[in-house]
Structures are given as structure tokens and as C-alpha cells.
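Below is one structure, written out as C-alpha cells, with a few remarks after it.
The values are calculated or read from the model by the stated rules, or taken from the named source; none is laboratory data. The structure presented is a predicted model; accordingly, all values stated were derived computationally and were not measured. Every residue, glycine among them, receives a Cβ derived from its backbone with ideal geometry; neighbour counts consider all protein chains shown. Remember, those area values only see protein heavy atoms, side chains included, never the ligands or the DNA or RNA. Shrake-Rupley method; radii C 1.70, N 1.55, O 1.52, S 1.80 Å.
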Amino acid sequence: GAPLLLALTAPPPHIARRIATLLRNRVVQIVLFPVVTWLVFIVTLWVIHFSGFFEAALDHEPLHVLEHALFLGTAVLFWLPVIASGPTPLMDTPLAFPLRMLYLLAAMPAEALLGFTLYSSKHVLYRHYAAAGLADQQHAGEIMWIGGALVMFVAFMIVGSEWAQHEQRLGERLDA
């Protein structure tokens, strides 16, 4: 729940100091800003699927590895503001619960639209998958559209539940 804090406490002190210095870097702080992480995640998904990069990655193994690294890296960046559970090296308090919910809510249609676009296409978009046919692409689009929205919805509900629990604990402290 606090990956940046873990990154600073798990390694030996000399490495932790280097990580802390890197995290204080202005460029890193901009990259880890929630609006930027959201945009990087969504734009990366769309650009990879509709720029020719996806097709090129199927032809060249190094690009394929880079593609998966981009998917994983941008996903980690995307989820950092959502799963932050306490102070981090970048901010004194985590992103407020309503902002986390808005962040996820905004990602749902942006991600689902990509899957829907693949699903609703009238022709196969990637020549490597032409033999598998349009139905295969449509199934992939359905998984991306419905599965991605479901993951975001579950995360949205978890954040909402955490918010309610947080408010309940605050109320109990005020009553005490």
C-alpha cells in the first residue's frame, strides 16, 4: 500500500538515499503527479494500440519487451495515487478519497472506449491477427472493455469503502 515508502526502507541506506534524491527530483515529482500519471497511462494504451507500435512489437522482440515494460510501468504509475496509504516521499498526505474516486471514474470510460473501439471495428486492425479473424479481435476488445471497466469499478468501490471507514473512525474519535 505504500510502495514508495517501501522503496526507501527496504534497500541498504546508501541505495535508499539515492532513491530519495531521485524522488525529490523535479521531473520525477511532475511524472508522479496524479494528473500526469493518469494521462500517461491512458495515452500509452491508446498510442500503443493505434500508432503502429503494437504491430511492430509483434515483429520485433525488443519492441515487444518494451511494450510490456510500458504497460507495466504506466500501470504502476497509474495505481500509485490510488493505493497510497499514508505519507509518501512526494506528499505529506495521500490523495483525498473523493479525488481518488474521480481519478478512477475518469479512467473507466477512457480505458473502456479503447476496448469498445477494438470490439466494434468492422475489420481486423492488426495484420498478425488476420488469420484469427475479426471475432478474435472482438473478444479481445470485450475483455479490455468490460474487464478493464470492472477492475476500475471494483477499485472505485474499495476506495469508497475505505473512505467510509475513514470517516467512521474520525467520527468515533470525535465522539470519544
Original post:
Here is a list of conditions, (1) touching a residue at least 40 places away in the same chain (Cβ under 8 Å); (2) more than 30 Å from residue 16 (Cβ to Cβ); (3) open to solvent by less than 80 Å² (accessible area, probe 1.4 Å); (4) within 20 Å of the chain's Cα centre (by Cα), and residue 77 meets all of them except one; can you say which number that is?
Top reply: (2)
Original post:
Can you tell which of 38, 46 is assigned to a helix (DSSP H, G or I), among the aromatic types (Phe, Trp, Tyr), open to solvent by 60 Å² or more (accessible area, probe 1.4 Å) and in contact with a helix residue (DSSP H, G or I) (Cβ under 8 Å, 6 or more places away or on another chain)?
Top reply: 46
**OP:** Only residues that are within 14 Å of residue 112 (Cα to Cα) and open to solvent by less than 70 Å² (accessible area, probe 1.4 Å): list them for the stretch 136-163, please.
**Re:** 138, 140, 141, 142, 144, 147, 148, 149, 152
Original post:
Where residues in the stretch 6-34 are assigned to a helix (DSSP H, G or I), of a type outside the set (A, V, I, L, M) and open to solvent by less than 70 Å² (accessible area, probe 1.4 Å), which of them is farthest from residue 78 (Cα to Cα)?
Top reply: 29
